[in-house]
1. Please express the shape of the range 1-125 as an equivalent ellipsoid: the semi-axes are the square roots of 5 times the eigenvalues of the C-alpha gyration tensor, given largest first in whole angstrom.
2. Compute the signed sum of charges (Lys and Arg +1, Asp and Glu -1) over the other residues within less than 12 Å, Cβ to Cβ, of P143.
3. Any idea what diffusion coefficient the range 119-216 gets from Stokes-Einstein, in µm²/s, Kirkwood Rh on alpha carbon pairs, 37 °C, 0.692 mPa s?
4. Mind jotting down the distance between the C-alpha centroids of the range 182-216 and the range 7-45, whole Å?
5. Given H placed 1.01 Å from N in the peptide plane, which residues other than close sequence neighbours of N19 have an amide H under 5 Å from its amide H?
6. For the range 69-174, taking Cα atoms only, what is the radius of gyration to one decimal and the Dmax to the nearest whole Å?
7. When only C-alpha pairs under 8 Å and at least 6 residues apart count, what is the relative contact order of the chain, in percent?
8. Under 29 Å between alpha carbons, and skipping anything fewer than 8 positions from K129 in its own chain: which lysines qualify?
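The numbers here are math on the coordinates, done by the rules we state, and not lab data. Predicted model, so just to flag it, every value in this text is computed and none were measured. Virtual Cβ from ideal backbone geometry, glycine too; neighbours counted across all protein chains shown.
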Amino acid sequence: MNLSLEYLIREPKIKLDKNPLLLLLHGYGSNEADLFSFASELPEEYYVISARAPYDLQYGSYAWYAINFDANENKFSDHEQAKLSRDLIAQFIEELVTNYPIDKNAISLLGFSQGAILSYSIALSHPEKIQKVIALSGYISEPIFEENYKNNNFSNLQVFAAHGTVDQVIPVEWARKAKPFLANLGIESVYKEYPIGHGVSPQLFNDFKNWLIQQN
């Protein structure tokens, strides 16, 4: 199968007519093997698919979009590249549903850092495609949403967001804006903080796994 993105897959251990999908989206400078290390611990009825970002940074590192620095060392994201990746992932989801017995009404995104930023963007731009979002160490970046996203129906979308209080890569203040932003759109969300940096602790992993199981 020649799909839009390279990926790793864990088939569901419990086979149904159609199984739910958990799509993993890694962070900047990482690759599809990173989050896939969790795969064996995730609920058994899911297809767990970890996608590789399209932009090659060399040495096994990939990005969903460029992060550039200006002369004053301010970081800024390439929003146009981010939108291309948003649409590419949406297309990739369609391809997965076509090629695997996946329940198109039970698709969840699990994103870390840049992958979390994109997970918000895809889910809010295409809530008809996505049922649940687990956004770890990320934030909401409205400029990379579809223009008329506020007209979408978000009634089936649920979000679990988590952030480390000592994250040096993405400030926790940015992450804290997600819950009120989502509430404003009528989207139910859980937001949790952990005394960690830019990463995933065992406690955080257990919390999002339990949330995923409880939402089914």
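1. 28, 15, 12
2. Combined, the nearby Lys, Arg, Asp and Glu give -3.
3. 239 µm²/s
4. Measuring centre to centre over Cα atoms gives 17 Å.
5. I102, D103
6. Cα radius of gyration and Dmax of the range 69-174 are 14.6, 50 Å respectively.
7. Answer for the chain is 16 percent.
8. Filter leaves K13, K15, K18, K83, K104, K150, K177, K179, K192, K209.
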